[in-house]
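What follows is one structure encoded as structure tokens, with my remarks underneath.
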């Protein structure tokens, strides 16, 4: 409990003790009013102050104004004890609300407590502790075991494992070694790392995360905007109704004091604080809960829109696949072993920096001796030839085989095909393809279970796209698209869909930025995604895991369900209590108890959005 909350608790206890004691003091008239003013001011001075400031500022129609008018009116009618009790109930409710909201904020603050305090930079052979803001791109920083990574960079020396749970929600450590990228906000667990900084602190991953979460409240969801508009006309309306209740019935029925008391109770009951507080808190909690799972949502409006998504369009490379080429199949001719074919191709490509060449070399487990290779000649757009163990080897595409007049067996398997020949004899083919992410199938299956239609747009060839789409179970596939073609496809789908349904696009590359901006919701891969894609997106997946998409949808739907529960519950109880108050059945104590109870229950219900969501049970 904070210091402020402790002070409020002391005031509540002191005022309650004084009020109970005054019940046994036989005083009336002015002395009763003066004595009851002591506990009244102890417990309610801050409410009176806020009401006065609101009136002076021209924003009088809030809960403080309602409480001030109702309790001062009660004291004027001679029911001083009732006025103090109403204020006591109200402050108890405010204390519960403050505790619940504070707990939610602390949970998110702990979740987002990833900002590093300092960075250890190498200067003149010594380590100097500096503020991360002072480190420049190209500087070398040292990260010791147990320290948080302060800036994005590339490992130039050392190996270690990183705890990325604060960013991705995943507890499994990630191994890094020389040449691997490293992002700020992670915790270095084992080895000493020397890292060359590639981004300034303002552009680093940790800064982007903090900025997204801190500014997410600026983009209100429709439900939040509804409550803002609702409160704007609702409060003046109930004040007018209370005035009519105090004036009109006694003109015909008499009993001015009783009808004024009912009007004051009507004012207390009408306070809309349960809605005004719990709805934004629900979205704030939903965004925080999503962040805990490695899903960064840039605003409550995007969280709300995600719940209405019915079409999800995927980019292929880097989104559903790893974006890394690897040998997927080796097809040797009769009399040639697979290992021999792969080694021959890798040796021929040993001096090339092309990604396909690297994939061939990485597929060979035995050491490769570059001294076995000579006379390397690259043929643009076709491949290369090289002398390997004194044999003239050719490795490349079908055009190379045709150019060298080598009789080969065409391969129609999806992927990049490298044909290999030695001394004009065809040895076989090696298939190199992008590997599908393990979580992609899980993501598509989960989306299908939620009734979501899946589409894949890619610039890759039709056979490769079809192979990936069929393996994952994608509903619709479009291949051979340029960035402009992707935008056109998305615009066509937007025009054809139901206006209430939303379309989300998931991508990672700079070429996906236009589509991310054009879709109803743009979802970017935050780990390998380009800065342009992350900036254009509305939601960022910090660990590039497509399975987080259905998880995010479940989080958003739960958040919207809790919001609707609070709206329906609060309005129903308010309507019932307003009628009972107007009829004189519910007194002022019952009124404030109902108001405080609704507020506390709504706030506690809103804090449920902070809880993590696990995998759905089977059969759901």
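The values are calculated or read from the model by the stated rules, or taken from the named source; none is laboratory data. Computed from a predicted model, the values in this text were never measured in an experiment. Cβ coordinates were reconstructed from backbone atoms using ideal geometry, including for glycine residues, and neighbour counts include every protein chain displayed.
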Restricting to helices (runs of 4 or more DSSP H) lying wholly in region 492-596: which have 2 or more residues that are at pLDDT 85 or above and crowded, with 24+ Cβ neighbours inside 10 Å? 548-582
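Quick one: which of 347, 320, 342 is crowded, with 21+ Cβ neighbours inside 10 Å, farther than 30 Å from residue 478 by Cα and either over 45 Å from the mean Cα position of the chain (by Cα) or modelled with pLDDT under 90 (or both)? First the steps, then the outcome.
Values: 320 fails: farther than 30 Å from residue 478 by Cα; 342 fails: either over 45 Å from the mean Cα position of the chain (by Cα) or modelled with pLDDT under 90 (or both).
None of the other options fit; the residue is 347.
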How about region 178-199: which of its residues are out of contact with any helix residue (DSSP H, G or I) (no Cβ under 8 Å at 6 or more places or on another chain), within 15 Å of residue 145 (Cβ to Cβ), assigned to a loop (DSSP other than H, G, I, E, B) and at pLDDT 80 or above? 189, 191, 192
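Quick grid of which residues meet (1) over 42 Å from the mean Cα position of the chain (by Cα); (2) under 25 Å from residue 281 (Cβ atoms); (3) at pLDDT 85 or above; (4) buried (at least 20 other Cβ atoms within 10 Å of the Cβ):
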site	(1), (2), (3), (4)
10	no, no, yes, no
16	yes, no, yes, no
20	yes, no, yes, no
51	no, yes, no, yes
62	no, yes, no, no
85	yes, no, no, yes
When region 447-476 is examined, which residues are found to be touching a helix residue (DSSP H, G or I) at 6+ places or on another chain (Cβ under 6 Å) and within 16 Å of residue 515 (Cβ to Cβ)? 454, 456, 457, 458
Mind listing whichever residues of region 350-362 are crowded, with 22+ Cβ neighbours inside 10 Å and more than 19 Å from residue 435 (Cβ to Cβ)? none
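Go through 213, 206 for me and flag whichever is assigned to a helix (DSSP H, G or I), in contact with a strand residue (DSSP E or B) (Cβ under 9 Å, 6 or more places away or on another chain) and modelled with pLDDT under 55. Outline the logic, then answer.
Numbers: 206 fails: modelled with pLDDT under 55.
None of the other options fit; the residue is 213.
To keep it simple, each residue is scored yes or no on (1) in contact with a strand residue (DSSP E or B) (Cβ under 8 Å, 6 or more places away or on another chain); (2) surrounded by fewer than 16 Cβ atoms within 10 Å (Cβ to Cβ); (3) in contact (Cβ under 8 Å) with a residue 40 or more places away in the chain; (4) closer than 23 Å to residue 351 by Cβ.
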site	(1), (2), (3), (4)
400	yes, no, no, yes
414	yes, no, yes, no
433	yes, no, yes, no
446	no, no, yes, no
464	yes, no, yes, no
Report, by residue number, each residue of region 380-390 that is on the phi < 0 side of the Ramachandran plot and surrounded by 15 or more Cβ atoms within 10 Å (Cβ to Cβ). 382, 384, 385, 386, 387, 388
I'd like to verify a number: residues in region 5-36 that are without any contact (Cβ under 8 Å) to a residue 12 or more places away in the chain and within 15 Å of residue 87 (Cα to Cα), how many? 4
Hits in region 420-431 - residues which are in a strand (DSSP E or B) and touching a strand residue (DSSP E or B) at 6+ places or on another chain (Cβ under 9 Å): 420, 421, 422, 426, 427, 428, 429, 430, 431
Those residues of region 365-419 which are in a strand (DSSP E or B) and in contact with a helix residue (DSSP H, G or I) (Cβ under 7 Å, 6 or more places away or on another chain) amount to 373, 379, 383, 384, 386, 388, 393, 394, 395, 416, 418, 419
